[in-house]
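Undergrad: The following block contains the structure, expressed as structure tokens.
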Amino acid sequence: YGNKAMEIGERIKDPGIQGNAIFQLSLNLRQLGQGEKARDLLLKGIEITKEMLPGPRKEITQANLYQQLGVSFMRQGKNEEAIDYMTYALRSQESALAFMKKGRNLPPGAIPRVQSGLLSTLFQLGTAYTQAQNTVEAIKTFERGLALIKESGLKVFLEANLLLGLGNAYAETKDLPRALETFTKALKTAEDFQNATMVQAASGRIGRLLSQTGRAAEAVPYYKKSIDSVESVSS
């Protein structure tokens with residue numbers, strides 16, 4: 001069906017339909033373990049969407065393609081390429097927001113949806129910077145995402161992801177007190193959203209950090225919480 005949608009977009013000469021079809025098709029290909037084919041398709045999609053008229057539709061479509069390319073390269077351990085494409089995605093999302101803020105009669109929730117996508121890109125970009133051992137830029141990126149949440153008033157589970165990423169970056173710099181503080185905030189946010197996967201991750205990080213700093217007794221309850229979260233997801 002993804003291929004059919006792509007063919008229809010090509011037949012009616014609508015690069016936007018083609019771009020969106022390619023984005024969905026790339027996700028399916030990746031799930032089938034065909035990462036290289038998905039990357040080639042995404043690159044083709046970026047070229048096709050260059051023909052779209054300027055505006056938020058073009059920027060959002062291209063941002064989705066760029067982000068998926070970044071994720072693909074990050075999974076391969078090609079962090080520099082991932083950083084490049086995530087940065088392109090971020091610029092496209094920022095451009096889309098600029099267009100939308102000048103417009104009128106926007107669909108309800110249109111701006112928050114783009115902001116949520118931007119937060120996802122910031123999380124992925126920060127993670128790529130961390131994996132590339134560029135913790136200075138990683139910290140800036142995660143903090144930028146958290147600042148956007150604060151100024152926009154968004155209530156999104158991605159806050160826990162950003163906090164966890166920021167804690168990991170602090171841990172890489174050996175700033176363990178700040179890492180512990182940030183992991184604790186991540187845990188509280190994950191619990192507020194009842195996100196068991198993130199509760200497991202944050203609890204495990206806190207437990208490991210406490211163990212590393214000679215506070216094994218304090219670590220035990222967090223390890224237990226992490227195990228309980230794993231079991232709740234498994235069941």
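The values are calculated or read from the model by the stated rules, or taken from the named source; none is laboratory data. Since the structure is predicted, the reported quantities are computational estimates derived from the model, not experimental observations. For neighbour counting, all protein chains shown are included, and Cβ atoms are generated from backbone atoms with ideal geometry for every residue, glycine included. SASA here: full protein model, heavy atoms, side chains in, ligands and nucleic acids out. Shrake-Rupley method; radii C 1.70, N 1.55, O 1.52, S 1.80 Å.
Undergrad: Kindly state which helices (runs of 4 or more DSSP H) lie completely within segment 35-124 and contain at least 1 residues that are touching a helix residue (DSSP H, G or I) at 6+ places or on another chain (Cβ under 9 Å) and under 22 Å from L148 (Cβ atoms). Working first, answer last.
TA: Values: elements: 35-49, 56-75, 79-102.
Where helices (runs of 4 or more DSSP H) fall fully within segment 35-124 and carry at least 1 residues being touching a helix residue (DSSP H, G or I) at 6+ places or on another chain (Cβ under 9 Å) and under 22 Å from L148 (Cβ atoms), they are 56-75, 79-102.
Undergrad: Same structure, new question: Which ones in segment 148-175 are out of contact with any Gly (no Cβ under 9 Å at 6 or more places or on another chain), open to solvent by 50 Å² or more (accessible area, probe 1.4 Å) and part of a helix (DSSP H, G or I)?
TA: K150, E151, E172
Undergrad: How many residues are within 19 Å of V199 (Cα to Cα) and among the aliphatic types (A, V, I, L, M) if we restrict to segment 131-171?
TA: Qualifying residue count, segment 131-171: 10.
Undergrad: Ok, one more. Scan segment 66-83 for residues that are open to solvent by 20 Å² or more (accessible area, probe 1.4 Å), within 17 Å of Y129 (Cβ to Cβ) and not aromatic (F, W, Y) and report the count.
TA: Of segment 66-83, the ones open to solvent by 20 Å² or more (accessible area, probe 1.4 Å) are 66-68, 73-81.
Now drop any that are not within 17 Å of Y129 (Cβ to Cβ), which leaves 66-67, 73-81.
Those left that are additionally not aromatic (F, W, Y): 67, 74-81.
Within segment 66-83, residues that are open to solvent by 20 Å² or more (accessible area, probe 1.4 Å), within 17 Å of Y129 (Cβ to Cβ) and not aromatic (F, W, Y) number 9.
Undergrad: Here's another thing I want to ask about it. Taking T213, is it surrounded by fewer than 17 Cβ atoms within 10 Å (Cβ to Cβ) and under 16 Å from the mean Cα position of the chain (by Cα)?
TA: Numbers: surrounded by fewer than 17 Cβ atoms within 10 Å (Cβ to Cβ): yes; under 16 Å from the mean Cα position of the chain (by Cα): no.
For T213, the condition - surrounded by fewer than 17 Cβ atoms within 10 Å (Cβ to Cβ) and under 16 Å from the mean Cα position of the chain (by Cα) - is not met.
Undergrad: Is there a residue in segment 14-23 that is open to solvent by 40 Å² or more (accessible area, probe 1.4 Å), of a type outside the set (K, R), under 23 Å from Q131 (Cβ atoms) and not in a loop (DSSP other than H, G, I, E, B)?
TA: Scanning segment 14-23 turns up no residue that is open to solvent by 40 Å² or more (accessible area, probe 1.4 Å), of a type outside the set (K, R), under 23 Å from Q131 (Cβ atoms) and not in a loop (DSSP other than H, G, I, E, B).
Undergrad: For Q194, are the conditions met, namely being open to solvent by 70 Å² or more (accessible area, probe 1.4 Å) and under 26 Å from the mean Cα position of the chain (by Cα)? Break it down stepwise before answering.
TA: Details: open to solvent by 70 Å² or more (accessible area, probe 1.4 Å): yes; under 26 Å from the mean Cα position of the chain (by Cα): yes.
Yes.
Yes or no, residue by residue, for (1) open to solvent by 40 Å² or more (accessible area, probe 1.4 Å); (2) at pLDDT below 95; (3) not acidic (D, E):
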position: Y85; (1), (2), (3): yes, no, yes
position: K101; (1), (2), (3): yes, yes, yes
position: R104; (1), (2), (3): yes, yes, yes
position: P107; (1), (2), (3): yes, yes, yes
position: R113; (1), (2), (3): yes, yes, yes
position: T130; (1), (2), (3): no, no, yes
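Undergrad: Run down E47, E51, E94, E7 and say which single residue is out of contact with any strand residue (DSSP E or B) (no Cβ under 7 Å at 6 or more places or on another chain), more than 19 Å from T141 (Cβ to Cβ), in contact (Cβ under 8 Å) with a residue 12 or more places away in the chain and open to solvent by 40 Å² or more (accessible area, probe 1.4 Å).
TA: Details: E47 fails: in contact (Cβ under 8 Å) with a residue 12 or more places away in the chain; E94 fails: more than 19 Å from T141 (Cβ to Cβ); E7 fails: in contact (Cβ under 8 Å) with a residue 12 or more places away in the chain.
Residue meeting the stated conditions: E51.
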